[in-house]
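*Asks:* This structure is in structure tokens; I'll ask about it shortly.
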4 protein chains.
Amino acid sequence: MTTGDPLPTTFVPRHVRPGRRTAVLLLSCEDTRGIVAAVADFLARRGANIVEVDQHTDHHDGLFFQRVEFELDGFDLEPEQVLPAFREVSDRFGMECELRLPENVARIGVLASRQPHCLLDLLARWRTGELHADIAFVASNHDDHADACAFFGVPFHHLPVVDGDKAAQEAQIVALADEAGVELLVLARYMQVLSEDLVARYPHQIINIHHSLLPAFVGAKPYHQAYERGVKVIGATAHYATADLDQGPIIAQDVSRVTHRDSVEDLVARGRDLEALVLARAVRLHLAAKVLVHGNRTVVFG
Amino acid sequence: MTTGDPLPTTFVPRHVRPGRRTAVLLLSCEDTRGIVAAVADFLARRGANIVEVDQHTDHHDGLFFQRVEFELDGFDLEPEQVLPAFREVSDRFGMECELRLPENVARIGVLASRQPHCLLDLLARWRTGELHADIAFVASNHDDHADACAFFGVPFHHLPVVDGDKAAQEAQIVALADEAGVELLVLARYMQVLSEDLVARYPHQIINIHHSLLPAFVGAKPYHQAYERGVKVIGATAHYATADLDQGPIIAQDVSRVTHRDSVEDLVARGRDLEALVLARAVRLHLAAKVLVHGNRTVVFG
Amino acid sequence: MTTGDPLPTTFVPRHVRPGRRTAVLLLSCEDTRGIVAAVADFLARRGANIVEVDQHTDHHDGLFFQRVEFELDGFDLEPEQVLPAFREVSDRFGMECELRLPENVARIGVLASRQPHCLLDLLARWRTGELHADIAFVASNHDDHADACAFFGVPFHHLPVVDGDKAAQEAQIVALADEAGVELLVLARYMQVLSEDLVARYPHQIINIHHSLLPAFVGAKPYHQAYERGVKVIGATAHYATADLDQGPIIAQDVSRVTHRDSVEDLVARGRDLEALVLARAVRLHLAAKVLVHGNRTVVFG
Amino acid sequence: MTTGDPLPTTFVPRHVRPGRRTAVLLLSCEDTRGIVAAVADFLARRGANIVEVDQHTDHHDGLFFQRVEFELDGFDLEPEQVLPAFREVSDRFGMECELRLPENVARIGVLASRQPHCLLDLLARWRTGELHADIAFVASNHDDHADACAFFGVPFHHLPVVDGDKAAQEAQIVALADEAGVELLVLARYMQVLSEDLVARYPHQIINIHHSLLPAFVGAKPYHQAYERGVKVIGATAHYATADLDQGPIIAQDVSRVTHRDSVEDLVARGRDLEALVLARAVRLHLAAKVLVHGNRTVVFG
């Protein structure tokens, strides 16, 4: 079986959730009187049925955030008309806004290095229909994962860094992502530092998993650092990649208790489960349009 | 120092949160189109600034739940006018609705038996200003807690069950609660079964803490049962009291891991911390008007 | 690729931990004076270096449990001589004892039904070297997992129940297990009730995963039950299979918090992660000879 | 009621656990062959019944740690004779060893500043018999806690830092601790940095609670730092005080999940519960002689 072969028949991906076609408006602006009513009124006048509203007021910074999910059936506007028409509201409140169509199957590119656990976990979740997305490709600076990708029916690209020319390799990644129309890059324990250019090209569209409970143990070998410090809790952190390594907005974190009995190797093994779970959680939240970024922090309507 | 003495000066209760005066509308009805917009419009037309909206659609039962918190300053209506005026909306959608004024300091009655941990925890939280409520009285079928209540400056009433006449004792509790204008009764490990009459008198206004992760280990001695069954996780459950013992709507639960090293006594000791924490969490959620009951389930806007 | 094909080259199973060859003595007896010294002395006189000792005294039942791991290098006895020689100690204290050789790669048979998550998780852990065992075969009453087993290089057997003749199907399982020299059967969400005969044939050698925090929600559809009861915590339980369904000694449990937002389908999805993790934890503990059974309870030297 | 008044009668401290009188040997040395047998043999020859053994081999550093709890009844030696006699073993293996008598009620001094939660929690646990210790005194650089200490029946000393002379204030603390024969100083959110001299005087006998999951957010205002960084998990850390602030060996840690909805004030409030629980856990472990220090790490036989 080689890369690109047809899917084995074992799994049937369930990409498209049965049920209602919905759109999501993600809004943020300075907090003031009347926002909720203005948004609700805009939608109601055009026949939208609001399925879910989440909102948050950051009293510290005086900011307002909202996620409104509404049905497209019965709505007077086509998706491409929504934001232009909505300017009657968004201009009034100085809103940043984004329209997301979770009914659309997002296209994901996954970057991996040697370690298989986060990659296999994502592929298995995708295959069992848990990720509402298409994994358009897996690329790696190593050639380890060709068979696994073939089994799961995902194109695999071996993109080594040749002669230290990382720019050339990144250009290949961008070409792949562009061609595939990728909306999200997932770094599944991808051990290469991305250039500022690449990060800037995908603002809040690259999710990384760091194997510590950031901001503890930034940088290399966090489990070794955790062992040396004698902590009783380890963790993993999924965050959007930014130019500052390990400093991007945190989407999800989780922890595991450890004891003196756990060697560095044990921490690494325990960490694998954490990393896979936390990364999958962050990817799911992003795909469901439940994450808004605000400076270096996130609002996660979980 | 005897019951009723003036407060010691150590603590200054901070009952009233500084800041905006707000009201909360709790709504539920069959799910249909236009509810969100109708509610937002009703409030906006009367000058209300919406501070927080939480809503939930139970697709399983086709029900809609909403909690809307809005500022009273600038609002055209007095609190007592809100529900009558809101009938233009609530009648249209067949809503059950309730207006809560969290700015008002709720009055709580606490019932305890011998064990002090949940009671002391509540009193300490109240004294450090964490509970936005007045503890109007503590009553107990034992006389153990007079000194503690005196220290914390809360009236204590010893209400033993005399000659097995529980009805007479319950009448005393009701008299106390009525006189104090109590809106919430907290059973802080109160080891008496309440009569159906008493429970019916305070629908969803009595919070009990059960020392297991219900529905596991209903009935007596749950830690002994947990020990016998060899579980690796114990828990505690705060729920509204209903006529069916241990069957009421669950508000909050939490757990603690245990091992074969934990004796029954260890489980009891671990459980004390869980019970106090889970009960306090449930009381805080109730006081903040964040719990809606739906059949035997709760919607908790945590 | 068909069942039985050679392993793809992506993964290199690391079955055999580098380092010292060790044996484990698992002991239990009535608690009395001098046991620890007698065991330590027996081993020391024969040149054993004790690597790890865990012990537990159950004061409730007056029982003593010990796990002693010692190096075989430098030890005077061959593995098969240990228990006979140890009778000088075990007879004196009326011990039940068992010798386990974790350095030996245990052979495991896995039974699955339709759901892939626990099976895939076990196979991935095995392939990344995390399970110190050989997966000798996977058998299922459905034919879904042939491709996955082929990819992971494990023989797959489709053993449907034909004409309701479960005895015939179980005979096939036993034949497979006998032929493969299996020491542990793992029920990876195997949805068939095992006969008393089969269970009795593998005492404390069959590990099942139940998708609830036993003893809550025994029987069918526990997530539906959990949803109906409105719990705020769900869990999974790995236990040794016994003739009484869902009643066997619990090895491991873990939990996940849920809210009113979680539909039954959400609970099922959250539960999948729990089930895979808890089952893997139990299998690892069993393989490391860290579980002793005592009535319906376990001593787990985690 | 003033400081020093007799105890109110509400609680009966249960300082002395019923049951067997036991001693604990805490040992550490380089890992080598025969240690376990030598220790067990030493005790057995003198008639000791070993109640509990915990041991740990740190393969990374080649070190061996052991905790042996044995009954004093039937033992040939008086407590003061144990270590001298044990030199036949400890000299041979180059052991550091310590004898602890958990049956003795340890004497504790508590230092607090303004915040009451950790102090009240410790006092309540002591009064309900959960801490196997006497709280000899509470001292504070503020005078807030006199009433609380009076209620709980513990002497309170107001020791302000006068004219910035911290040395003078520390001398008062030392005088109090010496007079009371204190074996453990607990810093219950004591907001003063201790001098190196004071720390050196009580090696591994001062337990501090830091309100973050160290090493994240060292220094001041960790909840503000956590809020700014947008973490999804907060924690608390109990550690032995060393000359390097926030750098001492960690005894216990625990965590709580937070979201974007949690303001700094919410983190502080959530943190209070964590701090009290983690500090109490660390104090209990220390009192039970279950903590060995090894460089900057701990072995905790929990």
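*Asks:* May I ask for the angle, rounded to the nearest 10°, between helix C:79-93 and the longest principal axis of chain C, with both axes built from Cα atoms and the value confined to 0 to 90°?
*Replies:* 70
*Asks:* Less than 11 Å Cβ to Cβ from residue A:268, Lys/Arg counted +1 and Asp/Glu -1: what total charge do the surrounding residues give? Walk me through the numbers on the way to the answer.
*Replies:* On the way: positive: A:221, A:270, A:272; negative: A:262, A:265, A:266, A:273, A:275, C:130.
Value of the local net charge: -3.
*Asks:* Let me ask something else about it. Using packing as a proxy for protection, rank D:239-251, B:267-279 so that the peptide with the highest average count of other Cβ atoms within 10 Å comes first. Please list the in-between numbers first.
*Replies:* On the way: D:239-251: 19.8, B:267-279: 22.0.
Per-residue mean Cβ counts within 10 Å order the peptides as B:267-279, D:239-251.
*Asks:* In whole Å, what is the distance between the alpha-carbon centres of the stretch C:64-106 and the stretch D:21-55?
*Replies:* 20
*Asks:* Report the relative contact order of chain B, percent, no decimals, based on alpha-carbon pairs under 8 angstrom and at least 6 residues apart. Provide the component values of the computation, followed by the final result.
*Replies:* Working: 566 pairs, mean separation 51.2, N = 302.
Averaging sequence separation for qualifying contacts and normalising by length gives 17 percent for chain B.
*Asks:* Same structure, new question: Whole angstrom only: what separates the Cα centroid of the stretch D:124-141 from the Cα centroid of the stretch C:164-231?
*Replies:* 50
*Asks:* Another question, if that's okay. Answer rounded, prolate or oblate for the stretch C:194-302, using the Cα gyration tensor with square roots of eigenvalues a ≥ b ≥ c: rounded when a/c is under 1.5, else prolate when a/b is larger than b/c, else oblate.
*Replies:* On the way: a/c = 2.43, a/b = 1.70, b/c = 1.43.
In terms of gyration-tensor shape, prolate.
*Asks:* At 7 Å along Cα-to-Cβ for each site, give me the label-to-label distance between residue D:197 and residue A:243 in nm.
*Replies:* Inter-label distance under the simple model: 5.1 nm.
*Asks:* In nm to one decimal, list the spacings between the residue C:218 label point and its equivalents in the other copies, with label points set 7 Å along Cα to Cβ, shortest first.
*Replies:* 1.4, 5.4, 5.4
*Asks:* Now, a different point. Percentage of Cα-Cα pair distances in the protein assembly as shown greater than 65 Å, rounded to whole percent? Please list the in-between numbers first.
*Replies:* Working: 59557 of 729028 pairs.
Above the 65 Å cut-off, the protein assembly as shown has 8 percent of its Cα pairs.
*Asks:* Oh, and also: Which shape class applies to the stretch A:125-168: rounded if a/c is under 1.5, otherwise prolate when a/b exceeds b/c and oblate if not, where a ≥ b ≥ c are the square roots of the Cα gyration tensor eigenvalues? Display every interim value, and only then the final one.
*Replies:* Numbers: a/c = 3.96, a/b = 2.18, b/c = 1.82.
Prolate.
*Asks:* For helix A:117-127, report the angle its Cα long axis makes with the longest principal axis of the Cα atoms of chain A; keep it between 0 and 90° and round to the nearest 10°.
*Replies:* 50
*Asks:* Still on this model: Considering the convex hull of the alpha carbon atoms of the stretch B:254-302, report its projected area averaged over all viewing directions, in nm², one decimal. Show your work: numbers first, answer last.
*Replies:* On the way: hull surface 17.1 nm².
Reported value for the Cα convex hull: 4.3 nm².
*Asks:* When you look at the Cβ of every residue in A:244-250, what mean number of other chain Cβ atoms sits within 10 Å?
*Replies:* The mean count of partner-chain Cβ atoms within 10 Å per residue comes to 1.
*Asks:* Relative contact order for the stretch B:115-219: what is it in percent, counting Cα pairs under 8 Å that are at least 6 residues apart? If you can, show how the numbers build up before the last one.
*Replies:* Details: 86 pairs, mean separation 20.9, N = 105.
Relative contact order, the stretch B:115-219: 20 percent.
*Asks:* Could I ask something else about it? Using Cα positions and a limit of under 16 Å, work out the lysines in reach of residue A:221, with same-chain residues fewer than 8 apart set aside.
*Replies:* By straight Cα distance, residue A:221 reaches no lysines at all.
*Asks:* May I ask for the net charge around residue B:226, where only other residues with Cβ less than 13 Å from the Cβ of residue B:226 are counted and Lys, Arg are +1 while Asp, Glu are -1?
*Replies:* Working: positive: B:221, B:229, B:232, B:257, B:270, C:297; negative: B:228, B:262, B:265, B:266.
Local net charge: +2.
*Asks:* How high is the relative contact order of the stretch D:9-100, given as a whole-number percent (alpha carbon pairs under 8 Å, six or more residues apart)? Please report the intermediate quantities before stating the final value.
*Replies:* Details: 134 pairs, mean separation 37.4, N = 92.
Reported as a whole number, the value is 41 percent.
*Asks:* Treating the point 7 Å from Cα along Cα-beta-carbon as the label, what are the nm separations from residue D:96 to the other copies, to one decimal?
*Replies:* 4.1, 5.2, 6.4
*Asks:* Continuing with this model, one more query. What ratio of Cα Rg to 2.2 N^0.38 Å holds for the stretch B:9-100? Don't jump to the answer; show the numbers that get you there.
*Replies:* Values: Rg = 15.3 Å, N = 92, 2.2 N^0.38 = 12.3 Å.
Against the empirical 2.2 N^0.38 Å value, I get 1.24 for the stretch B:9-100.
*Asks:* Related question: Given the pairs B:290/C:232; A:232/C:232; B:232/C:290; A:290/D:232, which are separated by over 19 angstrom at their Cα positions?
*Replies:* Working: B:290/C:232 15 Å; A:232/C:232 26 Å; B:232/C:290 15 Å; A:290/D:232 15 Å.
The pairs that break the limit, which is 19 Å between Cα atoms, are A:232/C:232.
*Asks:* Right, next: Ignore the peptide's own chain and count Cβ atoms of other chains within 10 Å of each Cβ in C:141-150; give me the average, rounded.
*Replies:* Values: counts 0, 0, 1, 3, 1, 3, 7, 7, 1, 4.
Average per residue, whole number: 3.
*Asks:* Still on this structure, I have one more. Relative to the other copies, what are the label-point distances for residue D:162, with labels 7 Å from Cα along the C-beta vector, expressed in nm at one decimal and sorted shortest first?
*Replies:* Distances to the matching label points in the other copies: 5.7, 8.0, 9.7 nm.
*Asks:* Once you average over the residues of C:231-237, how many Cβ atoms of partner chains fall within 10 Å of each Cβ?
*Replies:* Numbers: counts 9, 15, 10, 0, 7, 0, 3.
Whole-number average of other-chain Cβ neighbours for C:231-237 is 6.
*Asks:* Next question, about the same structure. So what's the angle, to the nearest 10 degrees on a 0 to 90 scale, between helix D:35-45 and the longest Cα principal axis of chain D?
*Replies:* Roughly 70 degrees between the two axes.
*Asks:* Answer rounded, prolate or oblate for the stretch A:105-300, using the Cα gyration tensor with square roots of eigenvalues a ≥ b ≥ c: rounded when a/c is under 1.5, else prolate when a/b is larger than b/c, else oblate.
*Replies:* Numbers: a/c = 1.44, a/b = 1.38, b/c = 1.05.
Here the stretch A:105-300 falls in the rounded category.
Bear in mind that the values in this text are calculations on the coordinates, not laboratory data. Everything numeric here is computed off the predicted structure, so don't read it as measured data. Cβ atoms come from the backbone with ideal geometry, glycine included; neighbour counts cover every protein chain shown.
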